[in-house]
Amino acid sequence: MTSIDLNADLGEGFGRWRLTDDAGLLSVVTSANVACGFHAGDPVTMRRVCELAAERGVTIGAQVSYRDLAGFGRRAMDVPPAELAAEVAYQVGALEVFARAAGTRVAYVKPHGALYNRVVRDAEQAAAVVHGVLLAGGALPVLGLPGSRVLELAGRAGLPAVTEAFADRAYTDEGTLVPRGQEGAVVTDPDAVVERSVGLAVSGTVTARSGARVEVRARSLCVHGDTPGAVELARRVRQRLEASGVRVEAFA
């Protein structure tokens, strides 16, 4: 039976501001990418999400980012490699404290936003992320785009490299994500998102923005938590996957 992980970005709030319905999404997904304070999240939020995830048996991952609260981690930044490695390790370590307090652990690392896109091609920044994961200790899997430099370098360093796909993002003919600043970068039709999810899980392909079919082999499928109606959409995606004979389970 085909299997796939269903992940969502969670804990994306700060203080009194909350962007994601963490409790709702944790009733659907199998892995939680928890913001670690650099693009969103704060200690109280991180602790709460870890406790909820532990209660519901959802795997916890550290979603690391450039230090960019004001831009939600989506602005391009040039961070020296040594500094970036230390900041990645810092974020993983901070989340690990709350995961352990909840009786579980951080099981993987996923870059966020501008950092996620940067390490697809930038070997220096990708190496810094991998170095940061190693600094944090343990052979944590790294979640990223198929064919990205960060997954290549993670594999070389002995870290499990886990491929990821996005049902609600537009793809280029090269299998990369269309930048958010471009028209049509985000797929907003719920029916289309559900259909793309099944295609990615069953056939490992998706229709690019040009109309071409692109191969995207992924072990994990992301549903963005900041999408309007994200909980219901995630629920529909999971139900359709399971109805199509796909086993939905965490990769870590």
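The values are calculated or read from the model by the stated rules, or taken from the named source; none is laboratory data. Not measured: the values here are computed from a predicted model. Glycine also receives a Cβ, built like all others from the backbone with ideal geometry; neighbour counts cover every protein chain displayed. Ligands, DNA and RNA are excluded from the accessible area calculation, which covers all protein heavy atoms including side chains. Shrake-Rupley method; radii C 1.70, N 1.55, O 1.52, S 1.80 Å.
Would you be able to say whether some residue in segment 50-62 is under 17 Å from Val150 (Cα atoms) and in contact with a helix residue (DSSP H, G or I) (Cβ under 8 Å, 6 or more places away or on another chain)? Walk me through it before giving the result.
Here is the first cut: in segment 50-62, the residues under 17 Å from Val150 (Cα atoms) are 61-62.
Now narrow it down to the ones that are in contact with a helix residue (DSSP H, G or I) (Cβ under 8 Å, 6 or more places away or on another chain): 62.
Yes, that holds for at least one residue.
Let's see how each residue does on (1) surrounded by fewer than 21 Cβ atoms within 10 Å (Cβ to Cβ); (2) over 22 Å from Thr45 (Cα atoms); (3) of a type in the set (A, V, I, L, M):
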{"residue": "Pro81", "(1), (2), (3)": "yes, yes, no"}
{"residue": "Arg100", "(1), (2), (3)": "yes, no, no"}
{"residue": "Val119", "(1), (2), (3)": "no, yes, yes"}
{"residue": "Glu124", "(1), (2), (3)": "yes, yes, no"}
{"residue": "Ala128", "(1), (2), (3)": "no, yes, yes"}
{"residue": "His131", "(1), (2), (3)": "yes, yes, no"}
The number of residues in segment 237-247 that are outside any helix (DSSP H, G or I) and open to solvent by 40 Å² or more (accessible area, probe 1.4 Å) is 2
Out of Val64, Val109, which single residue is modelled with pLDDT of 95 or more and either out of contact with any Phe, Trp or Tyr (no Cβ under 9 Å at 6 or more places or on another chain) or open to solvent by 20 Å² or more (accessible area, probe 1.4 Å) (or both)? Val109
When segment 85-95 is examined, which residues are found to be free of Cβ contacts under 8 Å to residues at least 60 places away in the same chain, open to solvent by less than 40 Å² (accessible area, probe 1.4 Å) and either among the acidic types (Asp, Glu) or farther than 19 Å from Ala161 by Cβ (or both)? Glu87, Gln91, Gly93, Ala94
Would you point out which residue out of Ala185, Ala218, Ala234, Ala208 is out of contact with any Cys (no Cβ under 7 Å at 6 or more places or on another chain) and either more than 23 Å from Thr2 (Cβ to Cβ) or surrounded by fewer than 13 Cβ atoms within 10 Å (Cβ to Cβ) (or both)? Ala185
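When you go through Ala252, Ala165, Ala218 one by one, which is the residue that is of a type outside the set (D, E, K, R), at pLDDT below 95 and not in a helix (DSSP H, G or I)?
Values: Ala165 fails: at pLDDT below 95; Ala218 fails: at pLDDT below 95.
Ala252 is the lone residue from the list that is of a type outside the set (D, E, K, R), at pLDDT below 95 and not in a helix (DSSP H, G or I).
Identify all residues within segment 144-163 that are in contact with a Pro (Cβ under 8 Å, 6 or more places away or on another chain) and either among the aliphatic types (A, V, I, L, M) or crowded, with 21+ Cβ neighbours inside 10 Å (or both); write none if there are none.
Once the filter is applied, which keeps residues that are in contact with a Pro (Cβ under 8 Å, 6 or more places away or on another chain) and either among the aliphatic types (A, V, I, L, M) or crowded, with 21+ Cβ neighbours inside 10 Å (or both), segment 144-163 yields Gly144, Val150, Ala154, Leu159, Ala161, Val162.
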Going by the conditions given, is Arg56 more than 30 Å from Val202 (Cβ to Cβ), open to solvent by 30 Å² or more (accessible area, probe 1.4 Å) and out of contact with any Gly (no Cβ under 7 Å at 6 or more places or on another chain)? no
